[in-house]
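One structure below.
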Amino acid sequence: MYKLSGVTKNYHKGRETVAALRGVDLVVEDGEWLAVQGPTGHGKSTLLQILGGLDRPSAGIVEFDGRDLAQLREAEVTNVRARDIGFVFQTFNLIPTLSALENVETALVPLRVSADARRQRATMALEAVGLGDRLPHVPGELSGGQQQRVAIARALVKEPKVLLADEPTGNLDEDTRDEIIGLLETMWRERGLTMVLVTHDSSIARRAQRIGVMKNGRLGFKQSRQGPVVRPAQVQAGPARVPEGTGLEPPDLPSLDELEDSGLPDLEDDGSEPADTVTFD
Ligand code: ADP
Ligand code: MG
């Protein structure tokens, strides 16, 4: 489904450059469930945004279904996203003024589904997540777990190939968390989805087939429920730097001044530099 090679992402803020991804290589097979773990600030959300075509890499290839998302025109990326990629976020991101049914219907608007078919499909999607009796409720009238169910229905109503979830249980209590992960697992199994789930929670990550760990913008692999622990082709070359102390500190990222002082080339985000022209270590 995905094949990423040498994906880097630099954010520029004033004179500072943040290297959020530092050369990620990753293959995600069709139908696989990959969990991505790692401390805050180490690039998990950035990776997910790039997988979802919500952001573009500074360098590298992001092959999705044989096409490089980094090279597609914006309108083409928007189409791929609307058709093939479902998102679930930590904060649900529902529209507060729309009912559950209308929130789910919004995913079908760009696909030019007729109003009748939209309502029918959205109703079925909400029934599938156990909310058939909550169609007219606005988000403010739903619990956190119910809101996340609406968001999952919205992500899946278009029958995407991929579901990308960024800390989907981060705002939920423990019982609700288990319910939501159980629901995602059921959807993944029954619908042949490919799923990438970002979480800092080990007990959730363990349920995936494979666990990736983001550290300092690099992706390594930890363990898997089935088969070998590590697939050599997908492990980063070179040692990953382990943060000191609690492991929760943000990565020690170089400022632009430091990069200039060290005689390394500028990090302009113009996509023209191949990924391996800049070394951070
Ligand atoms: P995680 O999801 O693992 O917590 P992120 O991918 O959100 O990490 O962030 C990785 C690094 O990139 C952090 O240092 C963060 O501050 C920085 N970053 C993320 N998004 C932006 C942005 N839009 N502009 C500038 N810096 C950003
Ligand atoms: Mg994040």
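The values are calculated or read from the model by the stated rules, or taken from the named source; none is laboratory data. None of these values were measured; they are calculated from a predicted model. Cβ atoms come from the backbone with ideal geometry, glycine included; neighbour counts cover every protein chain shown.
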Notebook entry, point to check: Got at least one residue in region 91-99 being over 26 Å from Glu185 (Cβ atoms) and under 22 Å from the mean Cα position of the chain (by Cα)?
Noted result: yes
Margin query: Given (1) more than 23 Å from Asp166 (Cα to Cα); (2) at pLDDT 95 or above, identify the lone condition not met by Arg112.
Written below: (2)
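Answer yes or no: is there a residue in region 26-33 that is in a loop (DSSP other than H, G, I, E, B), small (Gly, Ala, Ser) and at pLDDT 95 or above. Please lay out each step first, then the result.
Step one: list which residues in region 26-33 are in a loop (DSSP other than H, G, I, E, B), which gives 29-32.
Then drop every residue that is not small (Gly, Ala, Ser), which leaves 31.
Filter once more, so that each one left must be at pLDDT 95 or above: 31.
Scanning region 26-33, I find at least one residue that is in a loop (DSSP other than H, G, I, E, B), small (Gly, Ala, Ser) and at pLDDT 95 or above, so the answer is yes.
Condition first: within 18 Å of the chain's Cα centre (by Cα), within 30 Å of Arg210 (Cβ to Cβ) and buried (at least 21 other Cβ atoms within 10 Å of the Cβ). Can you find one or more residues in region 128-138 that meet it? Full working, then the answer.
Of all residues in region 128-138, those within 18 Å of the chain's Cα centre (by Cα) come to none.
No, region 128-138 contains no residue that is within 18 Å of the chain's Cα centre (by Cα), within 30 Å of Arg210 (Cβ to Cβ) and buried (at least 21 other Cβ atoms within 10 Å of the Cβ).
Matching residues to (1) surrounded by fewer than 22 Cβ atoms within 10 Å (Cβ to Cβ); (2) within 14 Å of ligand 2 (Cβ to nearest atom):
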{"position": "Arg15", "(1), (2)": "yes, no"}
{"position": "Leu26", "(1), (2)": "yes, no"}
{"position": "Gly31", "(1), (2)": "yes, no"}
{"position": "Ala35", "(1), (2)": "no, yes"}
{"position": "Gly43", "(1), (2)": "no, yes"}
{"position": "Asp55", "(1), (2)": "yes, yes"}
{"position": "Ala59", "(1), (2)": "no, no"}
Note to self: I'd like the full set of residues that are away from ligand 2 (no atom under 16 Å from the Cβ) and in contact (Cβ under 8 Å) with a residue 60 or more places away in the chain, limited to region 162-174.
What the structure shows: Val162, Leu163
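Could you grab me the full set of residues in region 76-110 that are part of a helix (DSSP H, G or I) and either acidic (Asp, Glu) or exposed (fewer than 14 other Cβ atoms within 10 Å of the Cβ) (or both)? So that I can check it myself, show each step before the final result.
Of all residues in region 76-110, those part of a helix (DSSP H, G or I) come to 76-84, 100-110.
Glu76, Thr78, Arg83, Asp84, Glu102, Glu105, Val109, Pro110, listed by residue number.
This table checks each residue for (1) touching a helix residue (DSSP H, G or I) at 6+ places or on another chain (Cβ under 8 Å); (2) more than 19 Å from Val28 (Cα to Cα); (3) in a strand (DSSP E or B); (4) within 16 Å of ligand 2 (Cβ to nearest atom).
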site	(1), (2), (3), (4)
Pro160	yes, no, no, no
Thr176	yes, yes, no, no
Ile181	yes, yes, no, no
Ile211	yes, no, yes, no
Leu219	yes, no, yes, yes
Next item on the list: Examine region 27-48 for a residue that is within 16 Å of ligand 1 (Cβ to nearest atom), of a type in the set (Val, Ile, Thr) and more than 30 Å from Gly144 (Cα to Cα), and state whether such a residue exists.
Entry: no
Next item on the list: Just one of (1) of a type in the set (S, T, N, Q); (2) more than 13 Å from ligand 2 (Cβ to nearest atom); (3) under 15 Å from the mean Cα position of the chain (by Cα) trips up Thr78, so point out which.
Entry: (3)
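Would you confirm whether any residue within region 118-135 is assigned to a loop (DSSP other than H, G, I, E, B) and in contact with a Ser or Thr (Cβ under 7 Å, 6 or more places away or on another chain)? Can you show your working first?
So the first thing to find is which residues in region 118-135 are assigned to a loop (DSSP other than H, G, I, E, B), and the list is 129-135.
Then drop every residue that is not in contact with a Ser or Thr (Cβ under 7 Å, 6 or more places away or on another chain), which leaves 135.
Yes, region 118-135 has at least one match.
Output the residues belonging to region 145-178 that are more than 16 Å from ligand 1 (Cβ to nearest atom) and surrounded by fewer than 17 Cβ atoms within 10 Å (Cβ to Cβ).
Let us first name the residues in region 145-178 that are more than 16 Å from ligand 1 (Cβ to nearest atom), namely 145-163, 172-178.
Those that are more than 16 Å from ligand 1 (Cβ to nearest atom) and surrounded by fewer than 17 Cβ atoms within 10 Å (Cβ to Cβ): Glu159, Asp173, Glu174, Asp175, Asp178.
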